[in-house]
Structures are given as C-alpha cells and as structure tokens.
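**Q** Okay, here's the structure, questions in a sec.
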C-alpha cells in the first residue's frame with residue numbers, strides 16, 4: 001500500500017509539472033492588446049438640435065401649461081423601462097438640462113420632458129397654476145440623448161448620475177459632439 005501511495009504521489013507531481021510551464025501566459029506576454037475603444041458610446045443615441053413645433057395649451061395631471069412634441073424615433077419601450085432619457089434645451093447659446101426651472105415671464109415656471117415611445121413632450125407650466133401660461137417659444141432648440149439599459153457598465157460609466165452633470169460633461173463622457 002505504501003508503494004502504491006508513493007507511486008500515485010509521484011504520478012500527480014509529474015502531471016502537474018508537465019501541464020504547467022512558465023510559457024502558459026503567466027508572464028503576460030502572450031497575445032497583443034488592442035487599442036482602447038470609445039467609452040460607452042456604442043449604444044448611445046442622440047439627436048441633432050431640433051426646433052419644436054408651436055406649443056399649444058394643455059392640462060396635464062391638473063396642471064395647465066403649454067406643450068409641444070418632438071419625435072424621437074429610436075426611443076423604445078425598452079429604453080423607457082431600463083435606460084436613461086436626457087433632454088436639453090438651448091437658449092441664447094446656453095444649454096440647460098430638463099427639467100429646467102426659471103422665473104421667465106416674471107413667474108416661477110418649469111419646462112419638463114415627458115417621454116413616451118418614439119416621442120418626447122415638452123411641457124412648460126407656471127408654479128402658481130392659475131390658468132395662465134408662460135410661452136414656450138419656437139426659438140428654443142432641443143436635443144435628446146438616449147442611453148439604453150442592459151449595457152454592461154464599465155468603470156468609466158458605472159453609477160453615473162447624469163442629472164448632476166453639465167451638458168458638456170455628459171457629451172465628454174459619452175463621446176458626443178456638443
């Protein structure tokens with residue numbers, strides 16, 4: 001029995017010595033690394049700057065305001081359920097992320113985006129909700145960025161809160177031309 005155990009131990013030692021060598025990649029020189037790719041932009045969808053149609057009066061959830069709709073053909077139910085939709089407004093050379101609150105027209109008001117499949121409704125309402133509205137002029141430009149869900153996060157894109165980033169930071173992070 002001692003002879004069998006000794007032979008078996010020698011057999012295992014021989015197999016492990018033969019099957020593992022220093023040339024099996026332990027030194028990190030096998031293969032060639034490729035060039036790094038663009039971070040997180042393969043599936044990101046973004047529009048050009050868009051001029052929206054003339055706004056019309058509308059009441060949403062009991063709040064009176066003005067609304068208009070822009071088309072977002074690639075805005076899918078899957079992106080709505082799992083992804084991120086960012087909407088920006090450009091006015092006088094400055095870009096603002098929605099929702100955007102100001103005192104335009106002398107009253108506190110907010111412009112917000114309401115996303116649905118293939119469309120984004122832009123809605124402006126006064127906080128006073130007194131039945132009057134603040135204009136939503138066609139001189140404003142709009143841009144959306146759609147970030148699908150289910151795309152594996154990288155260290156560069158994981159746990160990002162785009163609502164706390166400036167437009168320029170989002171564009172730089174997603175490799176989008178501002």
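**Q** Estimate the FRET efficiency between residue 54 and residue 175 by the formula 1/(1 + (r/R0)^6), using the beta-carbon distance for r and 25 Å for R0, to the nearest 0.05. Before the final figure, lay out each step's value.
**A** On the way: r = 34 Å, r/R0 = 1.36.
After rounding, the FRET efficiency stands at 0.15.
**Q** How long are the semi-axes of the ellipsoid equivalent to the range 45-174, from square roots of 5 times the Cα gyration tensor eigenvalues, in whole Å, largest first? Walk me through the intermediate numbers first.
**A** Details: eigenvalues 145, 51, 37 Å².
One finds semi-axes of 27, 16, 14 Å for the range 45-174.
**Q** Please state the relative contact order of the range 45-174 as a whole percent: Cα pairs under 8 Å, 6+ residues apart?
**A** 33
**Q** Sticking with this structure for a sec: Give the relative contact order (percent, whole number) for the range 67-144; include only Cα pairs under 8 Å separated by 6+ residues.
**A** 36
**Q** At a 10 angstrom cut-off on C-beta neighbours, averaged per residue, how do the peptides 59-67, 84-92 rank from highest to lowest?
**A** Ranked by mean Cβ neighbours within 10 Å, highest first: 84-92, 59-67.
**Q** With a point put 7 Å past each Cα toward its Cβ, work out how far residue 161 is from residue 129 in nm, to one decimal.
**A** Using points 7 Å along Cα→Cβ, the separation is 2.6 nm.
**Q** Could you calculate the FRET efficiency of residue 63 with residue 119 from 1/(1 + (r/R0)^6), where r is the beta carbon distance between them and R0 is 22 Å, rounded to 0.05?
**A** Working: r = 19 Å, r/R0 = 0.87.
The value I calculate is 0.70.
**Q** Modelled label-to-label distance, residue 71 and residue 84, 7 Å Cα→beta-carbon offset: nm?
**A** Each label point lies 7 Å from its Cα, and together they span 2.8 nm.
Bear in mind these aren't lab numbers, they're just calculated from the coordinates by the rules spelled out. Owing to the predicted nature of the structure, the values given are computational and were not obtained by experimental measurement. Using ideal geometry, Cβ is built from the backbone for each residue, glycine included, and neighbour counts are taken over all protein chains shown.
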